Structure formats: C-alpha cells, structure tokens
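The values are calculated or read from the model by the stated rules, or taken from the named source; none is laboratory data. No experiment lies behind these values; they were computed from the predicted model shown. Using ideal geometry, Cβ is built from the backbone for each residue, glycine included, and neighbour counts are taken over all protein chains shown. Calculation scope for accessible area: heavy atoms of the full protein, side chains included, ligands and nucleic acids excluded. Shrake-Rupley method; radii C 1.70, N 1.55, O 1.52, S 1.80 Å.
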Amino acid sequence: MKITFCCTGTEPAPWLAGLRAALPQAQVELWQPGTTPADYAVVWAPPQQFFDEQPKLKGIFNIGAGVDALLRLRLPPQAAVVRLEDAGMAVQMAEYVSQAVIRNFRDLETYAADARAGHWTYYKPRQRNEFSVGVMGLGVLGARVAQALTHFEFPVNGWSRSSKALGGVRHFVGAAQFHDFLANSRVLVNLLPLTPETVNILNRDTLSRLQPGGYVINVARGAHLVDEDLLELIKSCHLSGATLDVFRTEPLRPEHPFWREPKITLTPHTSARTLRADSIAQIADKIAALGRGEKIAGIVDAARGY
Ligand code: NDP
Ligand code: OXD
C-alpha cells in the first residue's frame, strides 16, 4: 500500500515518521510532482496538480475538520474524502469559546483596560439567565462547545440541520427555526462547515436578530461572515463586539479594519490546532480499517459539502 503526503505549510518530516511508525507495512512518501500514483493521500491545501497526478486514490485524508477548500478542487471521483473527527480539537475549541464567552460575560476586557490605566472600578454583574449562548452547528466540535458552556450554567441554544438531544441544550432545527434560534440568543458561536448554504450566513439580517448587546464568536470560516455588516452593527452598538479566529483572507491583511476595532478580539486561526500525534493515530486506524474492508466514520458527503 502506498500513502502520499502533501500538506502545504506543514513540516513533513515528523508526519512521515509518525505515519511510517503507525503503518509499518505501508510505503509512505512525500509527494513530488511526477511520482507514481498512491492508494491513499494525507493532505492539507494541496495544489490541483497533486490530484491530477493521483487518479487511483481510494481515500483522501484531510488533516483538518473543514473540507471546504478541498471540495473546491477536482478530486478523483472514486476517492472517499475523510476529515478529522475531533482528534484533540474539540477540547481546544471548548476552552477557546468558553474563554471568549466568559471574557464578554464578566467584562474582563474592560477590567484589563482599567488595570492598564491604573483604575480600580467595579461594574454591575450581568444576569446569567439573560446571557444565552447560541451555537450554530452541533457536530463534533459544536456539540462539545455547547456542552462545555452548560457547565457554566449559561442558557445554551443549539442549531443544526437534523435534530439532536444534547443534555441542557435547547435545540433548534433547520431553516424553519433559524430566526427563533437567533432571537433567543445573545452570544452567537459559529461552528458550521462552510458550504453553499452557509456562506455569508453571519450578515446584517441574521446578526440584527440577536438580542441587544449581542456578541459574535466566529471560529469556523471567514467566509461565513460579512465583515462590513459586523463592523456596522458594532458601530451602531447593536452588537457589543466579537471574537474572530478565522478570516476571508488569511493572514488578515494589515489594512483590514478589524485590526483597528477595539471591540474585536482577533486570533490567527488558532482556536483548535491540528495535533499531529492524535491525527496520525486517527488516520492510521482508519486506513487499517479500510484495509480490513471495514466501514469508517468521517467520510464527507460531497453533495452536502461537509
Ligand atoms: P461537523 O461536520 O461534525 O458538524 C457540522 C455541524 O453543522 C452539524 O451539526 C451540521 O448539522 C451543521 N450544519 C451543517 N450545515 C448546516 C445548515 N445548512 N444548517 C444548519 N446546520 C448545519 O463539523 P465539525 O464540528 O467537526 O467542524 C465544524 C467546522 O469548524 C469545520 O467545518 C471547520 O470549518 C471549523 N473548524 C475551525 C477550526 C479553527 O481552528 N478555527 C478548527 C477545526 C474546525 P447536522 O448535525 O444536522 O448534520
Ligand atoms: C480545520 C481547521 O478545519 O483547522 O481543521 O480550520
């Protein structure tokens, strides 16, 4: 069995060593243009040329959860596209989103600014029961985030395409319940995949439906958010601010107004990092299972886009 590795922006040596150790019977190689076709590929943001030269792939393993960029390429039609499922990202996402919610709830940004200015000032505590958090997308990451937030006793709403039963989470399903979900939420956390249905979903109309003082936490993809609409709603004080980890263009350009908006907290696409050891173990287990003729989880439905 031959596995080819093509991950842009990733140091290949430790991945190749890890995959060889986990799958000793496989021939694991770094892709070079012109190399012989492989059975499986481990990829992140590969060029189109990579797939044009790999017509025999049975499986394409993406070293991330989101496959939006991959699905924009022409892929060998018989190859299953497999994404990472958790692989250590869910707990990171839960801690990142929880800190962003708590930072807003407890006015910690304001206290930090006061401390820098040498001011000892108290602010009135907010009412937890008036601080409902809505999580868009209740998949592997969204469900973990929603459950983490229930432990802090925030009212938590969740929205997804199909119905779910998550303890302590009020669930809203599909387009028909989307506006109700928004109207019942003050903080909005986005953990949707980027698909034709979800692109630009965080816009003037949807964000205006949040409760006054609303706050946006986007940790999914930059193209979910209409940047100008967010800025306008912050300027008009309908929204109290945002925490953004993902952007339409990454790295975020120096001239982008997000850098200069004090009510926006930015991080460089780091809310849930791919962890090499966990990811290699998951991918190797799945390749071994496919070799035994077993079914695996995490296969992307290309028609649905996730
Ligand atoms: P999943 O596929 O497990 O979950 C996706 C969820 O979104 C599901 O609950 C699904 O509903 C719901 N959904 C999809 N389309 C719609 C729609 N049109 N309307 C309502 N709900 C919808 O994905 P993950 O949780 O693993 O990852 C989510 C995203 O997080 C990734 O696609 C990626 O973009 C982003 N991400 C960002 C990272 C970062 O560092 N910033 C790191 C990792 C991921 P249903 O359950 O009914 O199918
Ligand atoms: C992912 C990401 O999709 O890191 O895994 O954004």
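May I ask you to verify whether Gly168 is at positive phi and either among the β-branched types (Val, Ile, Thr) or open to solvent by less than 20 Å² (accessible area, probe 1.4 Å) (or both)? Here the answer is no, as Gly168 does not meet what is asked.
Yes/no matrix, rows are residues, columns are (1) more than 23 Å from Thr267 (Cβ to Cβ); (2) part of a loop (DSSP other than H, G, I, E, B); (3) open to solvent by less than 30 Å² (accessible area, probe 1.4 Å):
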| residue | (1), (2), (3) |
| --- | --- |
| Asp86 | no, yes, no |
| Val97 | no, no, yes |
| Ile102 | no, no, no |
| Phe154 | no, yes, yes |
| Ser185 | no, yes, yes |
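Give the range 87-129 a look and list any residue that's among the acidic types (Asp, Glu) and farther than 30 Å from Leu275 by Cα, or say none. Hits for the range 87-129 are Asp107, Asp114. Take the conditions of a type outside the set (Phe, Trp, Tyr), over 26 Å from the mean Cα position of the chain (by Cα), surrounded by 13 or more Cβ atoms within 10 Å (Cβ to Cβ) and more than 16 Å from ligand 1 (Cβ to nearest atom) and apply them to Leu19. Does it pass? Here the answer is no, as Leu19 does not meet what is asked. Comparison of Leu207, Leu194 shows that the only residue that is touching a helix residue (DSSP H, G or I) at 6+ places or on another chain (Cβ under 7 Å), open to solvent by less than 70 Å² (accessible area, probe 1.4 Å) and within 16 Å of ligand 2 (Cβ to nearest atom) is Leu194. Candidates Ala94, Ala69: the one that is within 27 Å of His151 (Cβ to Cβ), out of contact with any Gly (no Cβ under 9 Å at 6 or more places or on another chain) and either within 16 Å of ligand 1 (Cβ to nearest atom) or not small (Gly, Ala, Ser) (or both) is Ala94. So is Gly222 within 14 Å of the chain's Cα centre (by Cα) and either open to solvent by less than 20 Å² (accessible area, probe 1.4 Å) or free of Cβ contacts under 8 Å to residues at least 24 places away in the same chain (or both) or not? It is true that Gly222 is within 14 Å of the chain's Cα centre (by Cα) and either open to solvent by less than 20 Å² (accessible area, probe 1.4 Å) or free of Cβ contacts under 8 Å to residues at least 24 places away in the same chain (or both). Residues in the range 197-228 that are within 16 Å of ligand 1 (Cβ to nearest atom) and among the hydrophobic types (A, V, I, L, M, F, W, C): Val199, Ile201, Leu202, Val216, Ile217, Val219, Ala220, Ala223, Leu225.
With respect to (1) open to solvent by less than 80 Å² (accessible area, probe 1.4 Å); (2) within 24 Å of Ala79 (Cβ to Cβ), the lone exception for Arg304 is condition (1). Taking into account only those residues within the range 249-277 that are without any contact (Cβ under 8 Å) to a residue 12 or more places away in the chain and not in a loop (DSSP other than H, G, I, E, B), which is farthest from ligand 2 (Cβ to nearest atom)? Filtering first and then ranking leaves Arg260.
All conditions in (1) crowded, with 24+ Cβ neighbours inside 10 Å; (2) of a type in the set (Gly, Ala, Ser); (3) within 16 Å of ligand 2 (Cβ to nearest atom) hold for Ala146, with the sole exception of (3).
Residue check: is Tyr123 assigned to a helix (DSSP H, G or I), free of Cβ contacts under 8 Å to residues at least 40 places away in the same chain and among the aromatic types (Phe, Trp, Tyr)? Here the answer is no, as Tyr123 does not meet what is asked. Taking helices (runs of 4 or more DSSP H) as the structural unit, those lying wholly within the range 4-82 and holding at least 2 residues that are within 30 Å of Met93 (Cα to Cα) correspond to 12-22, 68-71. Looking across the range 229-274, the residues that are hydrophobic (A, V, I, L, M, F, W, C) and within 11 Å of ligand 1 (Cβ to nearest atom) come down to Leu244, Val246, Phe247, Ala272. Taking the conditions exactly as written (away from ligand 2 (no atom under 16 Å from the Cβ), within 12 Å of the chain's Cα centre (by Cα) and not hydroxyl-bearing (Ser, Thr, Tyr)), does Leu138 satisfy them or not? Here the answer is yes, as Leu138 does meet what is asked. A single entry from Ile283, Ile287, Ile296 fulfils the requirement of being in contact (Cβ under 8 Å) with a residue 60 or more places away in the chain, outside any loop (DSSP other than H, G, I, E, B) and within 16 Å of ligand 1 (Cβ to nearest atom): Ile283.
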